[in-house]
Ligand code: S3P
């Protein structure tokens, strides 16, 4: 579907977004693992989280949806049941990688498949470390899906330093570790999102730059009643749009403000963005608050290597902020972007070239020079939800608007994106 965007004159009002995708994935997984009834409120409406639910439904868990409230009947340790067919993780890397850790502890065989994009994404990063814990699993010869996971009676605890800055790899190992009596100890040299640790109540000890994490069976999930804060990665598109559209002021309510996720807000504030955090509080172990954003003149800043894992999902939309800021937008140390739902460095560079920008592409980033031309822009989503929304926002800023093809992929994280944007337009 080709979505058309007209130039927006002003954005005003209040926005309530569905629950954070990363937190919702974990809430669904942990409720499915826990024995008995859990309730998840303000659950993400994303197709990705539906993929997680579908996988656990195939292994005997029950889900009842009433709006954004999900009631889950989970199975308990060792009680998930053999799926009658392959588990389809759709487009979702988080589903695939996190459930692999859980499946490695089961006494039945499973196979995980996914869509064309997921089938190209690297899985060796979980296969190898899970094998070090005695798990029996294999990807295909390219290190991609399908993943086959077999029962193993050799699973053991581990002392392990993560080799990639990835919350998905970290979580996969933790989820296997919580099936074991003996404690595992993980060293995370560069911090990544810590929702798994918070939700499972893991002991963590800060190290010089990173974190030590301890996990054992005593952290195996119990039934819960959880309210998921709004998704900061979905909020990011509206934050940048409100900064860049003249005469705008919006407030996004009850957003997840976990410090491992708020790097975008810090970078935009350093760039001169008028962003205020209001009503900050803790809900269900996670920082939450309202974000008020007003139109601002921005200037580009140097984006440090350390903050990259924190802003990895927000770099596409951050580049739009950088495009309209004083100086040139430049990002480096972000090679991980190449293995997301699309090769995001390539998707961004190719789209920016369509509006006449000089784009310098590096292996681990890119730089943008010049200003977009006034011809009506025709962007592509490359079937990547964050690329689609990024260029939806950019189109809304251009004199003659623009279009984004394959726009339906926004459903992967936020099916209501277009409706929410239009509701804020004055
Ligand atoms: C996620 C972790 C990140 C992020 C993804 C969601 C998670 O991936 O990009 O959208 O929920 O754990 P990596 O951990 O692979 O960097």
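A short reminder: the numbers here are calculations on the coordinates, not readings from a lab. Note that the coordinates shown come from a computational prediction; the quantities given were computed from them, not determined experimentally. Here Cβ is always computed from backbone atoms with ideal geometry, including for glycine, and neighbour counts include all displayed protein chains.
Brief remarks follow.
- Here the Kirkwood formula, the inverse mean of 1/r across different C-alpha pairs, assigns the range 13-85 a hydrodynamic radius of 12.4 Å.
- Size descriptor, Kirkwood hydrodynamic radius, that averages inverse alpha-carbon separations across the range 301-374, Å: 12.3 Å
- Over the range 22-94, Cα pairs under 8 Å with separation of 6+ residues give a relative contact order of 40 percent.
- A simple spin-label model places the labels of residue 208 and residue 338 2.9 nm from each other, with each point 7 Å out along Cα-to-Cβ.
- Rounded to the nearest 10 degrees, the angle from helix 21-33 to the longest Cα principal axis of the chain is 20 degrees.
- Global form of the range 90-169, assessed from the alpha-carbon gyration tensor, a/c cut-off 1.5: oblate
- In the range 21-184, Cα pairs under 8 Å separated by at least six residues give a relative contact order of 19 percent.
- Estimated from helical segments only, the mean residue ellipticity of the chain at 222 nm is -8500 deg cm²/dmol, where each DSSP H run of four or more residues counts as -39500 (n - 2.57).
- Rounded, prolate or oblate (a/c below 1.5 giving rounded, otherwise prolate when a/b exceeds b/c) for the range 178-224 by Cα gyration tensor: oblate
- The chain: most fluctuating residue of 258, 279, 333 per GNM, C-alpha cutoff 10 Å: 279
- Judged by the mean number of other Cβ atoms found within 10 Å, the most tightly packed of the peptides 389-397, 198-206, 99-107, 413-421 leads the ranking 389-397, 99-107, 413-421, 198-206.
- The Rg/Rh ratio for the range 270-346 is 1.02, where Rg is the radius of gyration of the alpha carbons and Rh is the Kirkwood radius.
- Whole-angstrom Cα spans of the range 247-378 along principal axes, big to small: 44, 35, 26
- Gyration tensor over the Cα atoms of the chain: the corresponding equivalent ellipsoid has semi-axes (square roots of 5 times the eigenvalues, largest first) of 36, 22, 21 Å.
- Rh by Kirkwood over Cα pairs, then Stokes-Einstein D for the range 21-184 at 1.306 mPa s and 10 °C, µm²/s: 101 µm²/s
- Gained length - residue 426 relative to residue 399, 0.36 nm times residue gap less alpha-carbon distance: 8.0 nm
- FRET efficiency, 1/(1 + (r/R0)^6) with R0 45 Å, evaluated for residue 247 and residue 124 via beta carbons: 0.35
- Debye-sum result for the range 233-274 in log10 I(q)/I(0), which assumes one identical scatterer on each alpha carbon, at q = 0.18, 0.23, 0.29 Å⁻¹: -0.51, -0.83, -1.22
- Computed over the chain: relative contact order in percent, which uses C-alpha pairs under 8 Å that are six or more apart: 18 percent
- With Cα atoms, 0 to 90° folded angle of helix 385-397 axis to the chain main axis: 10 degrees
- Centroid-to-centroid separation of the range 117-196 and the range 290-336 [C-alpha atoms, Å]: 30 Å
- Taken over the C-alpha atoms, the range 128-260 has Rg and Dmax values of 18.6, 63 angstrom.
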